[in-house]
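Structure, as structure tokens:
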Amino acid sequence: MRATDMAEFADFVQARSSALFRTGLLLTGNRDQADDLVQSTLERVCRQWARVGRAESRDAYARRIMVNLANDRWRGLRGRREVPLDETDARLAPGTGVAGAADPYRQVLLRDELMRVLHTLPVKMRTVLVLRYFDDLSDESIADLMHISTSTVRSQATRGLAKLRAAVHGTTDNREVPSERTQ
């Protein structure tokens, strides 16, 4: 790699590594796995920098690599779930602590519960939600990135949000959300 390419790559890493880590953490649910995912992503970006440097959006290129790597890892781990020894149920019993947004501890527990539920969703659904709500990508960008249609992005987001709401609010209604098409 030329010195100018190395400097451009170093600038890219400095500017985008924290955003890539956030996306990796949301995709994997584990800091160590997110670190590994970011490292693997940046390694591939570095090896392909000549192509990445000419890309219209370097972020999109790196994000696509990350999504592919995350999907590959999930395929390899299918059926196996790692459970840390200190994992406990993070749900608060009703009436525990101060109710509402004023209780910062409850917010932390709710966020933890949301992250746990997010990681129970199918990979495609979780990826759509992460890219849409945490990376603020448009449906068209997500569709291009994942090589799916925009209607698939919308349906995956709608179903994913319904499942998150049902799990967080403790409902057992797992019916599918009606499609946007009318008869």
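Of all residues in the range 100-117, those satisfying the criterion of being modelled with pLDDT under 70 and open to solvent by 60 Å² or more (accessible area, probe 1.4 Å) are 101, 102, 104. Taking only pairs six or more apart or across chains, which ones have beta-carbon atoms under 8 Å, a first residue in the range 15-33 that is in contact (Cβ under 8 Å) with a residue 12 or more places away in the chain, and a second residue that is surrounded by fewer than 17 Cβ atoms within 10 Å (Cβ to Cβ) and of a type in the set (Phe, Trp, Tyr)? Partner pairs satisfying both residue conditions: 22/134; 23/134; 26/134.
The set of residues from the range 1-55 being outside any helix (DSSP H, G or I) and open to solvent by less than 40 Å² (accessible area, probe 1.4 Å) comprises just one member, 55.
When the residues of the range 136-158 are filtered to those that are assigned to a loop (DSSP other than H, G, I, E, B) and small (Gly, Ala, Ser), the one that is nearest to the chain's Cα centre (by Cα) is 138. For the range 118-131, the tally of residues that are open to solvent by 50 Å² or more (accessible area, probe 1.4 Å) and assigned to a helix (DSSP H, G or I) stands at 1.
The values are calculated or read from the model by the stated rules, or taken from the named source; none is laboratory data. All values reported here derive from a predicted model rather than from experimental measurement. Cβ sites come from the backbone with ideal geometry, for glycine too, and all protein chains shown count toward neighbours. With ligands, DNA and RNA removed, areas are computed over all heavy atoms of the protein, side chains included. Shrake-Rupley method; radii C 1.70, N 1.55, O 1.52, S 1.80 Å.
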